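A.B. asks: This is the structure I want to talk about, given as C-alpha cells.
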Amino acid sequence: MQRWPVLLFLAWVCFLFFAGIGLFMSGFLLTRIELASSSSCSDPFVPPSWERQSLPPGSCWAPQRFSKAVLVIIDALRFEFAHFNPAKASPRPYENKLSFLHHLVTSQPRHARLYRFRADPPTATMQRIKGLTTGSLPTFIDVGSNFATYAIQEDNLLAQLVQNGRRVIFMGDDTWEGLFPKKFFRSYFFPSFNVKDLHTVDDGILQHLYPTVDSGEWDMLIAHFLGVDHCGHKHGPDHAEMAKKLTQMNEMLRSLVEHLGNDTLLLVAGDHGMTETGDHGGDSEKEVNAALFVYSKTPLFGTGPPEEPEAVAQVNLVPTVALLLGVPIPYSNIGEVMAELFSGDGDAVSAALQQLLVYHINAKQVDRFLHSYSLVAQDLPAEQLQHLQDLFSGAVEEHAQLLAQVQRPTLVPPELESRLGSLIGRFQLYLREARAVCTQSWARFHPLRMVGGCTLIAASCLLCYMASELATASDSFYRSCLLYPLLWGLVVAVLLGLAHAFTQNGLDLLLVSSWAAAASQLGFFWHWWGWHPKRARLVGSQPPLANVSLRQRLQAWLQLAFPMGILLFRCGAMFSDSFVVAEARVAPFLLASLVMLLIGKLHWDGRLTVPEGPKQQLLGFSSYRREIWYLLCLVAMLLVCVRLSSFFHQCREEIPQCRPSLFLSPLASLRNTRAKNLFYLLCVALLAGLVCAVRSWLRHYGNLNSSDPLVLFVRWGFPLVVLCIACYWAVASSADDSLGKLQELVQVAVVAFPWAVYGLASVGLLLLLCNPMTVFAKDTRESAGSIVTPYLGVPSSEVDFLHVIPQIYKRMQESQKSCLERGGCRATVAAYGLGSVYSAALVIALTLLGFLLMLLHSERLSLAFLLLFLEAFVLLHIHTRARGLAGDAEPFSVPWYAVISWLLAASQFFYSTGHQPIFPAIHWNAAFVGFHLDHSTNLLPAVLVGANTFASHILFAVSCPLLLLWPFVCEMPSSQRKKPKKEPREELQEVEEHMMEMRLRESPEKFSIALLQLGLKYLFVLGTQLLACVCAAMILRRHLMVWKVFAPKFLFESLGFVVSSICLLLGISLVMRVDCAVSTWFSQLQLR
C-alpha cells in the first residue's frame, strides 16, 4: 500500500481549501480601520462665544460637573431585572429584586433615573466593554476573539482619564486586564471564564469595594460583577439562584450609596441582556436590552422622570461621562451625549444653553472623526458624508447666530425657548444620522479577496471530483498529480517571498499561501490536461460510450443524479435565511429522502424482486427477495432514529414558539430528586449498554481473543471509563446540594473524575496507535518446513508481501483441506479477528472518542450520542445491503449516496446534540469539565469547546473509512444462510470466497486508491456545502440577516470543515497504521 502519497495528496487538498477559507475571511470579516489619533484638551472644540469664558480647573472642553465617578457593571443585567413593577403580586425569580433602585427613583426623582440601555450586537462581553469605553461599534469578527483579548489601541475613556492625571481603580472581570494593560492606578482582577462559578468574582469585589470608596484615593472606580451572568449561563434567569444573586446586588447598591460623597456620580449598567436560557451574543431583543441607572446625591435632572424609561444607546455613555468628568471625548466616539444630565439647577433657558454647548462639542468631535476616517477608508458613502456635513454646518452656523442674539437680548423668552429647542433637535438629528451611516457601512468588505477565496474553494471542489473519478485510471496518478502541483506552488511561494524581501514590504502569509494554492491548482489542471490525451489513447481499444445501451447509460446517470440532486438542493437552500434557521429539521428530512430514493432506485432497477418460475415469468409475476425485508427493517430503524434525535434540539430566537429540549440542561438543574435519579440511572445504563454492544461486536468477529495490551484495555479499561463518567455525573449533579467538608470533597471529585477519563482515553488511544492489531494467531503447524517458498526477486517490501500473502492463505486452506480429508487437524494456522482488523481499530477509536465527547456534554445528551452510534450502524448496514442487492462490481469504490448520507447524518447530529450555528448556543461549560479554576491559556478551553461543538463532525469524519470497510466485514454474515448440504471440497471452496477485509490486502494499490477516492469524495461534499455558504455570504452581504444568519452559518461551516478534514486524515491514517501493523504481522508469520 502506498501510504504517504495518499496522505500527502489529501493533506494538500485540505491546504487548498484552508487557503480559500482564509482568503475569503480576510475579505468578508475585516475589522474597521482604527484611527491612532487621540483627543486632547487643546483641541478647539468650544464655540467662539464661549472661548472667552474660562473653564474651571481640571476641565476640558466643558465645565466639570463631578470630580469622581463609580461605574458598576452588573454583567447581563437585563432591563427587566432592574425594572420594578409593584403591581406584580407573584413576580418571577428575576423580577422586583432591585427594589433599591426603584426607591431612589421614586423618592429622589431629580437625582436618579433608570434607562433602557441598548447594546449593539454582538452582545459578547469583550465587544460591549469596547463599546462602553471607546464610544464606537465593534465589528462582527471581534466576537471570535472574545476570550483572546488584545489591548485596545484606539482612543478610549480610560486612556483620556489617565492622560489627564485621573486615578482609575478597577475590580472584577479579568477581561479588562487584557484590554487595558497598565492603565489602572490599582486593580483587583478575578478569573472570569468559569461560568459555573457564581461567587468568586462578586465576593472578591465586595471585599475591596467599600474600603476603596472610603479611602478617597481614586477618581474613577469600575466594578464589574459577573455573578448574574454566570447564574444565567448555569441556571437560566428563571431560577432561585438568580433571585439570590439579584438580591445580593440590591444590598450591594444600598450599601454603596451610603459610602458615596456629594461630588460622586454613580452609574449602574448592564453590558448586555440574556435570553430565556441565559445565553447572549446575538441581537435578539432580550440580549440587547440592558439597564442603565444614574444617580447622584446632588440634583442631576431639571425635571422628573418620564412615564416610560427612555432608551439610550450604550455608546452614548462615553461622551456623557467624559464631559461630566471634564476630560475630552475619545477621538473615535460616535455616541450622542445624554444632554439631560447637563441641565443644572437654573431656569429652562440656561439649561437649554448648557445642553447646546455639549451638543456642539459632541457634534464637532463626531464631524472631525468622520472627516479623518473618510481620508483613510472609502467605505462611507460620499453623498451621505456630504449630507451630514451640510447638517453639521447649518447647525453650527445657527448656533453661532443664536448665541450672538442671546448676548443682545432681542428675543423674548417664548421665542428663545422655541429656537433653542429647534436647534437642539438639529444637533440630535445630525448625531443620530452620523451613527446610522457608520452602522450601515462599518463592515469594510474586500470584494477582490472574497472572489479570490470563493474561486479557490470552487476550484478545490472541482479538483476533488476530477481526482476521485480519475484516480482509478492509473496506479501512479495521485503520485504524479501531486509532485508537479507542489513544485508549482513552492516556486510561486519562493518568488513571492523574494519579491517581498527585495521590496522590504511586510510578508502577508495569507496572500502567499493563497497564491501558492492557486499555482498548485493550475499545476494540477495543466498536468491533467497533458495526461488526459494519453489516457484516452490507452483506453481507445475499449468499446466507445456509444456502444453502451441507453438503459445502462440512464441507470448510470440516475445513480449519480439522485444523491447529487439532494446535495445541490441542500446547497441551493443555503441562500435562504429561512432554510438556515430551520436546517435542524431539513437535514434529517434530506437524509430520510435520500435513503428512500435509494430504495426506489433499487426497485426501479429490478434489484428487489426475483422471478418465481417460467409460468410466473410468462405472466409477469415476481416475488421480493428475502433480503429486502431486512433492508426495510433497517430503513424503519433509521427513520425511528431520525425521529428520536429531534427531541434533543436547541432553539433559535427567530422561532419564538420553539422551546429548547429539556435534555439540554444538566441533571443539577432538576429540582425533582426522583426524576434526577431516574435520568441518571437511564444514562448510566445506556452508557454501559454501549460498551457491551462494542465488546459483543468485537467478540463476534474474534477481536477479543488475544492478550495484547489493547485487547486487555477493551476488556477492563472500557468498564473503568464508564465507571469514572458515571461517578462524575453523580457528583456534578449533586454538587450544589452538598455542604461543609463534603462540598470540598465534591469539588475535588468534579475535577478528578474527568481527568481520570482523559487519562484512560489517552492510554487507550496510545495503545491503539502503538499496536492496533487485535488478532489472535493459533499456530499448530509442524516446525519442519517453511510456510512459503522463497522469493528470489529484487528485495522490495511491497513485492515481497504481494508474493507472501497469497501463499499464507494457500497454506491455511491446504491445512483446512487436509483436516477435512483426514478427519482431524494436526497442523493449522488460525487467525482470529484478521478479517475485521481494520474495522475493529476504528470501532475502538470511535468508542474512546465517544466517551470523551459525552463527558463534555450534559448528562442527558449521552442519549443523543447513543442514537448517533445506532444510526451510523444502521446506515452502514443499509449501504452494505444496497450494494449487495445492486450487484456492485466495484467493491473498492464507495458510491456517492453513501458519502452524502454520511455527511447528512453528521449535520443532523450537530443539531441533535444541542447545537445551532449561532454564538449564544455554544456550550461554554465544556471548557471547565475537569477544571475548577480559570485556565492559564486559551488553547485548552478552545479545544474543549470546539470538541463539544463539532462532536458529530469528529465522529463521522474519523469513522468515514468504515464506508469502505463495512461491506467486506459483512461478507461472512451475509453468506450464513440455509443451503443444501455440500461435500467438504465444496465447503472449502466457499470458505475461500469469504476473506472479509483481507481482500483489501490482495490488491494493495486498489486499497490505497480506494482510500484516496473516499477521502476526496468526502472533501468534495464538505467543500460543496462550504462553497454554498461562502457564495451566500458574499452575494447577500448587504442582506438584512447577513450578520444574524449567513455570517454565523459561514463561520460554523468553515470551522466544521477544518475539524472534519483533520479528523478525516486521522481516520485514514489509523487505517494505514493498522495496515502497517498487518504487514509486520505477516512478515513475522513468514519467519516462523
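The values are calculated or read from the model by the stated rules, or taken from the named source; none is laboratory data. Please read these numbers as outputs of a predicted model, since none were measured by experiment. Cβ coordinates were reconstructed from backbone atoms using ideal geometry, including for glycine residues, and neighbour counts include every protein chain displayed. When the accessible area is computed, the model is the full protein with side chains, heavy atoms only, and any ligands, DNA or RNA have been set aside. Shrake-Rupley method; radii C 1.70, N 1.55, O 1.52, S 1.80 Å.
Residue-wise test of (1) crowded, with 18+ Cβ neighbours inside 10 Å; (2) among the aliphatic types (A, V, I, L, M).
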position: Thr175; (1), (2): yes, no
position: Pro181; (1), (2): no, no
position: Arg186; (1), (2): no, no
position: Phe193; (1), (2): yes, no
position: Leu209; (1), (2): yes, yes
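A.B. asks: Specify which of the listed residues (Asp202, Asp229, Asp219) is closer than 30 Å to Ser37 by Cα and open to solvent by less than 40 Å² (accessible area, probe 1.4 Å).
C.D. replies: Asp219
A.B. asks: Continuing with this model, one more query. Only one of these conditions is not met by Asn316: (1) among the polar types (S, T, N, Q); (2) touching a helix residue (DSSP H, G or I) at 6+ places or on another chain (Cβ under 8 Å); (3) closer than 30 Å to Glu653 by Cβ; (4) open to solvent by 10 Å² or more (accessible area, probe 1.4 Å). Which number is it?
C.D. replies: Answer for Asn316: the failing condition is (2).
A.B. asks: Do we find a residue being under 30 Å from the mean Cα position of the chain (by Cα), modelled with pLDDT of 60 or more and under 26 Å from Tyr838 (Cα atoms) anywhere in the range 719-738?
C.D. replies: Yes, the range 719-738 contains a residue that is under 30 Å from the mean Cα position of the chain (by Cα), modelled with pLDDT of 60 or more and under 26 Å from Tyr838 (Cα atoms).
A.B. asks: From the list Leu855, Leu849, Leu868, which one is buried (at least 23 other Cβ atoms within 10 Å of the Cβ) and either within 18 Å of Phe956 (Cβ to Cβ) or without any contact (Cβ under 8 Å) to a residue 40 or more places away in the chain (or both)?
C.D. replies: Going through Leu855, Leu849, Leu868 in turn, the sole match is Leu868.
A.B. asks: Of (1) closer than 22 Å to Gln64 by Cβ; (2) open to solvent by 10 Å² or more (accessible area, probe 1.4 Å); (3) of a type in the set (Ser, Thr, Tyr), Ser296 satisfies all except one. Which?
C.D. replies: All conditions pass for Ser296, except number (2).
A.B. asks: Additional query: Contact list please: Cβ distance under 9 Å, first residue in the range 1006-1025 and under 16 Å from Leu456 (Cα atoms) and in contact (Cβ under 8 Å) with a residue 40 or more places away in the chain, second residue open to solvent by less than 10 Å² (accessible area, probe 1.4 Å) and basic (Lys, Arg), pairs at least six apart or on different chains.
C.D. replies: If the second residue must be open to solvent by less than 10 Å² (accessible area, probe 1.4 Å) and basic (Lys, Arg), the pairs left are Thr1024/Arg570; Gln1025/Arg570.
A.B. asks: Output yes when any residue across the range 76-87 is touching a strand residue (DSSP E or B) at 6+ places or on another chain (Cβ under 9 Å), modelled with pLDDT of 90 or more, surrounded by fewer than 23 Cβ atoms within 10 Å (Cβ to Cβ) and not hydrophobic (A, V, I, L, M, F, W, C), and no when none is.
C.D. replies: Yes, the range 76-87 contains a residue that is touching a strand residue (DSSP E or B) at 6+ places or on another chain (Cβ under 9 Å), modelled with pLDDT of 90 or more, surrounded by fewer than 23 Cβ atoms within 10 Å (Cβ to Cβ) and not hydrophobic (A, V, I, L, M, F, W, C).
A.B. asks: Let me ask you something else. Can you confirm whether Leu114 is buried (at least 20 other Cβ atoms within 10 Å of the Cβ), assigned to a helix (DSSP H, G or I) and at pLDDT 90 or above?
C.D. replies: So Leu114 fails the test.
A.B. asks: Within the range 811-833, does at least one residue satisfy the condition of being modelled with pLDDT of 75 or more, open to solvent by less than 20 Å² (accessible area, probe 1.4 Å) and either farther than 30 Å from Ala636 by Cβ or not in a loop (DSSP other than H, G, I, E, B) (or both)?
C.D. replies: The answer is yes, given that some residue of the range 811-833 is modelled with pLDDT of 75 or more, open to solvent by less than 20 Å² (accessible area, probe 1.4 Å) and either farther than 30 Å from Ala636 by Cβ or not in a loop (DSSP other than H, G, I, E, B) (or both).
A.B. asks: Looking only at the range 24-42, which residues are at pLDDT 75 or above, in contact with a Cys (Cβ under 9 Å, 6 or more places away or on another chain) and buried (at least 17 other Cβ atoms within 10 Å of the Cβ)?
C.D. replies: Phe24, Ser39
A.B. asks: Here is a follow-up. Output the number of the condition that Ala905 fails; it satisfies all remaining conditions of (1) touching a Ser or Thr at 6+ places or on another chain (Cβ under 9 Å); (2) open to solvent by 10 Å² or more (accessible area, probe 1.4 Å).
C.D. replies: (2)
A.B. asks: Just checking, does the range 1052-1075 include any residue being within 17 Å of Gly20 (Cβ to Cβ), surrounded by 23 or more Cβ atoms within 10 Å (Cβ to Cβ) and among the β-branched types (Val, Ile, Thr)?
C.D. replies: Within the range 1052-1075, not a single residue is within 17 Å of Gly20 (Cβ to Cβ), surrounded by 23 or more Cβ atoms within 10 Å (Cβ to Cβ) and among the β-branched types (Val, Ile, Thr).
A.B. asks: Assuming Ala1032 fulfils every condition listed in (1) within 24 Å of Ser468 (Cα to Cα); (2) at pLDDT 90 or above; (3) crowded, with 18+ Cβ neighbours inside 10 Å apart from one, which condition is it?
C.D. replies: (1)
A.B. asks: Quick one: which of Ser418, Ser474 is of a type in the set (S, T, N, Q), farther than 27 Å from Glu154 by Cβ, surrounded by fewer than 17 Cβ atoms within 10 Å (Cβ to Cβ) and at pLDDT 80 or above?
C.D. replies: Residue meeting the stated conditions: Ser418.
A.B. asks: Follow-up. Residues in the range 90-100: is at least one of a type in the set (Lys, Arg), modelled with pLDDT of 85 or more and surrounded by fewer than 21 Cβ atoms within 10 Å (Cβ to Cβ)?
C.D. replies: Yes, that holds for at least one residue.
A.B. asks: Right, Ser350: over 16 Å from Val315 (Cα atoms), at pLDDT 90 or above and open to solvent by 40 Å² or more (accessible area, probe 1.4 Å) or not?
C.D. replies: The answer is no for Ser350.
A.B. asks: Which one of Val799, Val775, Val788, Val804 is modelled with pLDDT of 75 or more and surrounded by 12 or more Cβ atoms within 10 Å (Cβ to Cβ)?
C.D. replies: Testing whether each residue is modelled with pLDDT of 75 or more and surrounded by 12 or more Cβ atoms within 10 Å (Cβ to Cβ) leaves just Val775.
A.B. asks: Continuing with the same structure: If you take the residues of the range 649-686 that are part of a helix (DSSP H, G or I) and hydroxyl-bearing (Ser, Thr, Tyr), which of them is least open to solvent (accessible area, probe 1.4 Å)?
C.D. replies: Ser669
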